[in-house]
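Please treat every number below as a calculation from the coordinates, not as lab data. Bear in mind that the values here come from a model prediction, so they are computed numbers and not experimental data. Counting neighbours? That spans all protein chains shown, and the Cβs are built from the backbone with ideal geometry, glycine included.
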Amino acid sequence: MIHTLSVRTRHRTELADITGEIQELVRQSGVEEGVCYIFQAHTTAGLTINENADPSVAADILMVLNRITATRRFIATWKATPRPTSRLPSWGRSSPCW
């Protein structure tokens with residue numbers, strides 16, 4: 001059973017809480033036991049799991065991602081040319097290794 005969820009964001013770098021939407025899709029499916037796999041196919045988007053108990057954690061995650069990808073040295077070392085360099089920070093933000 002496959003469902004599609006579209007998420008619209010308002011900012012270039014943003015964490016969007018999709019917990020409610022996922023819970024609703026699972027509820028609508030009628031499945032009472034099993035595993036829900038979430039996959040995103042876009043190269044400039046990513047998925048992360050966060051307990052969301054402290055709102056400042058999301059702000060800290062965004063701060064770190066923006067600092068990592070904001071330096072000219074970071075962008076200058078990318079090998080993914082001649083693609084548009086405006087997308088390079090997005091690729092870096094979507095695949096962090098914590």
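Packing-based ranking of 15-24, 2-11 yields 15-24, 2-11, ordered from highest to lowest mean Cβ neighbour count within 10 Å. Sorting the segments 27-37, 50-60 by their residues' average number of neighbouring beta-carbon atoms within 10 angstrom, most packed first, yields 50-60, 27-37.
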